[in-house]
Amino acid sequence: MIKRYSRKKLTDIWEEKNKYRIWLNIELAAAEGMEKIKAIPKGVAKAVKSKAKINVKRIHKIEDKVKHDVIAFLTSITEQVNSKGKFLHQGMTSSDVLDTCFNIQLVQSGKILLNDIDEILKVLKKQASKHKFTICIGRSHGMHAEPITFGLKLASFYEEFKRNRKRLVQAITEISTCAISGAVGTYANVDPRIEKYVAKKFKLKIEPISSQIIPRDRHAYFFSILGIIAGSVERIAIEIRHLQKNEVQEVQEFFSKNQKGSSAMPHKTNPILSENLTGLSRLVRSYVIPALENISLWHERDISHSSVERNIGPDSTITLDFALFRLKNILKNLNVYPKNMLNNLNLSKGLIFSQGLMLELTKNGFSKELSYKLLQKHSTNARNKNISLLDSLKSDKKIYRYFDNKKLAKIFDFKYYTRNIGLIFNRVFK
């Protein structure tokens, strides 16, 4: 990923030097395990650990000749060590190192993403509590529906990110496996006890059965979860973008003192951060399809998945980390305008109370069908004449006589629509 959309915590995990460091640690752990069962002479791991240094330039130079990254890595290590270095990688295959390393990197990245989600949950909880009873209009199909509260919107996002957290924990568990099973996964030349030792060392589970690689359905699941989380990021971003429109202006991204909105129009204060999140979310989701297609490989393995994973491993995790961090800051510093929310509620001149009025008619003997028809007629009339729904009803004495002031006050009271907010909040934030 480009630096513009990257954070160091995540990029450090995917740096080439760190990757080779993990490879070395896997080889050292395997060597320690082999020494314990006397598969190789004692002192190999100690000799390698004391003398071997990661030299990325040297590895690249060797790889230019041998055209194989693991062989180049092993050659660069063994040439720094005495004769004991030849016992490294005994009976192992490249995928034992590559796949175990890749899973370690995904687990490390996943834990940072979990922390990002925890931070978003904290902000959402605080903001939802603050705006628990901040009344605003609920919209369906982009049209005014019935009153809700802004806190309820935020509580909905909170619950969704709770689910995302649970999904990500499962995805990390799914990917936390290790394979040191040798060529085509039969342990023909490497004792299964070595795999057990390495797995324990890195706090991973043993892959129950690997061909020559760890099955890619595990990775497809992991990247699919990242795609779902990205979808949740975009859902919030789009809501903010809609609510920031001039004709809505219910919320607004924080706009700093010296910030500029447009190179041409000085008056502009654009929701650029939320728009950016929409774009980044598209990018993360785009990695899901190649991850799914990586499941189907030839026989015990091919490397068609390799080039894909070298890209989507770092790119998806780095991008999502940046997006989650940005989302947290948008929510934390969001400007909320309760007065504008109330003004927008009143734009419909009472049309949003049509269901309450319709239900009152059904209590007085009208059928549901007739009640709906009558209220729809008066809603259309009120809209066309730019009068309130109540004024339209007053002109219809046959209907209006069923509504006294007490009933109308109840129907037109916002508290009627917020009376169960506490129940919902208890469910979400218990």
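Observations
- Entry note, the chain: relative contact order of 17 percent, from Cα contacts under 8 Å with a spacing of 6+ residues.
- Candidate lysines - alpha carbon under 25 Å from Lys377, same-chain residues fewer than 8 apart omitted: Lys349, Lys363, Lys368, Lys385, Lys394, Lys397, Lys398, Lys406, Lys407, Lys410
- P(r) of the range 57-192 over all Cα-Cα pairs, binned every 10 Å from zero, in whole percent: 11, 22, 21, 15, 12, 11, 8, 1
- Here the spin labels are modelled as points 7 Å beyond Cα on the Cα-Cβ line, and at Lys268 and Gln249 they lie 1.9 nm apart.
- Trypsin sites (Lys or Arg not before Pro) lying in DSSP loop within the range 322-425, provided at most 11 other Cβ fall within 10 Å: Arg401, Arg419
- Approximate spin-label separation Phe412-Arg4, in nm, with each point projected 7 Å along Cα-to-Cβ: 5.2
- Straightening the chain between Gln80 and Glu146 buys 16.5 nm, computed as 0.36 nm per residue apart minus the Cα-Cα spacing.
- The chain: mean projected area of Cα convex hull, nm²: 29.0
- Of the solvent-accessible surface of the range 336-430, computed with a 1.4 Å probe over protein heavy atoms with every protein chain present, carbon and sulfur atoms account for 52 percent.
- The range 172-317, accessible area per residue, ligands and nucleic acids excluded (1.4 Å, Å²): 51
- Amide H partners (placed H, <5 Å) of Ile40, local residues excluded: Glu35
- Heavy-atom accessible area for Arg167, with the other protein chains in place and a 1.4 Å probe, reaches approximately 70 Å².
- Relative contact order of the range 172-322, pairs being alpha-carbon contacts under 8 Å that are 6 or more residues apart, as %: 25
- Distant alpha-carbon pairs in the range 140-180 (separation over 15 angstrom), percent: 63
- Candidate lysines for bridging to Lys126, where Cα separation is under 27 Å - those fewer than 8 sequence places away on the same chain excluded: Lys9, Lys111, Lys153, Lys162, Lys166, Lys245, Lys257, Lys328, Lys332, Lys339, Lys415, Lys430
- Using a Förster distance of 35 Å, the FRET efficiency for Lys162-Glu300 (Cβ separation, nearest 0.05): 0.30
- Each part reduced to its alpha carbon centroid, the range 316-337 and the range 53-71 end up 39 Å apart.
- Cut-off under 5 Å, modelled amide H: who pairs with Thr149 long-range: Cys136
- Volume of the Cα convex hull of the range 205-324, divided per residue and given in Å³: 136
- Shown in residue order for the range 49-54 are the 3J(HN,Hα) couplings computed by the Karplus curve 6.51 cos²θ - 1.76 cosθ + 1.60 at θ = phi - 60°: 4, 7, 10, 7, 10, 7 Hz (x for Gly and Pro).
- Distant-in-sequence amide H partners of Lys205 (H built 1.01 Å from N, under 5 Å): Thr177, Cys178
The values are calculated or read from the model by the stated rules, or taken from the named source; none is laboratory data. Everything numeric in this text was worked out from a predicted model, so none of it was measured. Backbone-built Cβ (ideal geometry, glycine too); neighbour counts: all protein chains shown. The accessibility values were calculated without ligands, DNA or RNA, using every heavy atom of the protein model including side chains. Shrake-Rupley method; radii C 1.70, N 1.55, O 1.52, S 1.80 Å.
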